[in-house]
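Below you'll find the structure, written out as C-alpha cells, and then a few comments.
The values are calculated or read from the model by the stated rules, or taken from the named source; none is laboratory data. None of the values given here were measured: they were computed from a predicted structure. No Cβ is skipped: glycine too gets one built from the backbone with ideal geometry, and neighbour counts run over all protein chains shown.
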Amino acid sequence: MTTLAWIVGRGGLLGKGLVRALSQGLPAARLFEPSVGPIQWHAPEAAATQLALAAGHFAAAVKEGAHDSWTVLWAAGAGVVGTTAAELQKETVTLSRFLHSVEASDLCARPGRFFLASSAGGVYGGARVLPITEQTATAPISDYGLAKLAQEQLVVNWSQRHEGVRALIGRVSNVYGPGQRLDKPQGFLSQICRSAVLRQPVHVFVPLDTIRDFIYVDDCAQSILSALRLTMAEQNAPRLRIKIFAREEAVSLGYVLSLHARILKRPAQVISARRPGSQAQQALGLKFRSIVLPTGLAPTGLMDGLARLMAHLELLHQQGRLRRKPDRSCSI
C-alpha cells in the first residue's frame, strides 16, 4: 500500500522532524513537495490561495501516481502562549480554508489520513488532576489553548463528513531540538542553550518549580508516524482519534537548569523575575500519560537531547548564524 504524504508547515520545528522521519515512519510513503513557493503565513489571504492551489496539485498527484491513499500532516502555526486572540484567529481561519480546499479537490473521495498538531499544554492548561490522559477534560486557560481547541473542532467536524478519512489529533507536549525558531519568545530549552552559547542571560518569568514534559523533536515525529501507521493497519479503527504525544517524564525548570549546568560545567545565566500576569496563562504543573495508540517510550533522554541542542547552536554560532539580541525572555 502506497501513500503520498504532504507536510504542511514543514519549515517549523515539528514539520522538519516529520520530514526526517517520514521514510521510516510510513512504509512506501512518498513526500509531496508543493510547487507554489513558501507559504506566506503572515498574509492569510495569500496563504489561503497558495494552499488551495497546492491542494489541487496534491489531489492530482495522488490520482496520477496511483497511490492507494493520501496523508496530510498539519504542523503549521506560529502562535504561542501570549499571542493575541486576533492573531490566533487568523491561524484558525487559515486551517478552515485549507480543509475546504481539500474538500473542493475531491481528495476525500479516496482513502486518506489527516493529522493535526495541537498543544497538550494549551488545551489542558487548567487541569487539576494529574497525570493528564486523553480522558481528562480539556481546560484551556489562555487564548492560545482556546484557539487550539477551536482548530481541533474544525478537524472533528470536517472528518465526520468524510467516511474514507481517518483523522488523528495530536496534543503535543513541549517539543524541543535543533531547528526551533529563536526569534520567538518560545522554547525554554532552546533559549537557555542559545543564551549559554552567546554568554548572554535569559529572562524567565515563571517559577523555576514549574513542571513541564519535554519531548525531543525526532522522537515526537517518529511517534506521530507510528500512530498513523497503527490507524492505517486497523481494519475497523475509529475515524477520529485524539492522542497525547509526550515523553511522559515531568521535570521542573530548575532540574532542567541543573542538567544544563552539568553539560556546560558552569551555571546557566538565568534571570528569574516575576512579571505581573505572566503566570495567568501558564500552568504550574503538567504531567502527561497517553492511553491511546501506545507507541512506546521516546528514547531520547533530556540530558542527551540538551547536549544535541547545544552542539547544534554552537555550530550555528561558529558559522555566524546565531545573532545576539539585547534581551531574551522566553515562554514555555
Pairs returned, first residue in region 293-305 that is farther than 29 Å from residue 233 by Cβ, second residue that is surrounded by fewer than 11 Cβ atoms within 10 Å (Cβ to Cβ), beta-carbon separation under 6 angstrom, 6 or more apart or interchain, are none
Quick check, is residue 137 at pLDDT 95 or above, buried (at least 23 other Cβ atoms within 10 Å of the Cβ) and under 27 Å from residue 165 (Cβ atoms)? no
May I ask you to list pairs of residues, at least six apart or on different chains, whose Cβ atoms are under 6 Å apart, with the first in region 80-99 being among the aromatic types (Phe, Trp, Tyr) and the second being outside any helix (DSSP H, G or I) and surrounded by fewer than 16 Cβ atoms within 10 Å (Cβ to Cβ)? none
Please verify whether region 275-284 includes one or more residues that are charged (D, E, K, R), out of contact with any Asp or Glu (no Cβ under 7 Å at 6 or more places or on another chain) and either assigned to a helix (DSSP H, G or I) or over 18 Å from residue 191 (Cβ atoms) (or both). no
Across region 95-130, which residue is farthest from the chain's Cα centre (by Cα) among those that are in a loop (DSSP other than H, G, I, E, B), more than 21 Å from residue 176 (Cα to Cα) and not charged (D, E, K, R)? 105
Restricting to region 60-77, and then to whatever is small (Gly, Ala, Ser) and surrounded by fewer than 16 Cβ atoms within 10 Å (Cβ to Cβ), can you tell me which residue is modelled with the highest pLDDT? 60
Scan region 19-35 for residues that are farther than 14 Å from residue 72 by Cβ and assigned to a loop (DSSP other than H, G, I, E, B) and jot them down. 27, 28, 35
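Yes or no, residue by residue, for (1) touching a Leu at 6+ places or on another chain (Cβ under 9 Å); (2) farther than 21 Å from residue 206 by Cβ; (3) not β-branched (Val, Ile, Thr):
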site: 83; (1), (2), (3): no, no, no
site: 92; (1), (2), (3): yes, yes, no
site: 133; (1), (2), (3): no, yes, no
site: 140; (1), (2), (3): yes, no, yes
Limited to region 230-243, what total is found for residues that are surrounded by fewer than 18 Cβ atoms within 10 Å (Cβ to Cβ) and of a type in the set (D, E, K, R)? 2
Please enumerate the residues belonging to region 66-81 that are over 29 Å from residue 206 (Cβ atoms) and not acidic (Asp, Glu). 66, 67, 69, 70, 71, 72, 73
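A quick yes/no check of all residues on (1) surrounded by fewer than 21 Cβ atoms within 10 Å (Cβ to Cβ); (2) part of a helix (DSSP H, G or I):
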site	(1), (2)
11	yes, no
17	no, yes
37	yes, no
48	yes, yes
Anything in region 188-229 that is part of a loop (DSSP other than H, G, I, E, B) and either among the hydrophobic types (A, V, I, L, M, F, W, C) or under 20 Å from residue 241 (Cβ atoms) (or both)? List them, or say none. 205, 206, 208
Being under 22 Å from residue 148 (Cα atoms) and in the same structural domain as residue 122 (by TED's automatic domain parsing): is that true of residue 230 here? no
Has region 96-106 got at least one residue that is at pLDDT 95 or above, closer than 30 Å to residue 248 by Cα and assigned by TED's automatic domain parsing to the domain that holds residue 230? no
I'd like to know if region 28-36 contains one or more residues that are among the small types (Gly, Ala, Ser), closer than 22 Å to residue 187 by Cβ and assigned by TED's automatic domain parsing to the domain that holds residue 119. no
For region 173-195, give me each residue that is surrounded by 24 or more Cβ atoms within 10 Å (Cβ to Cβ) and aliphatic (A, V, I, L, M). 175, 189, 192
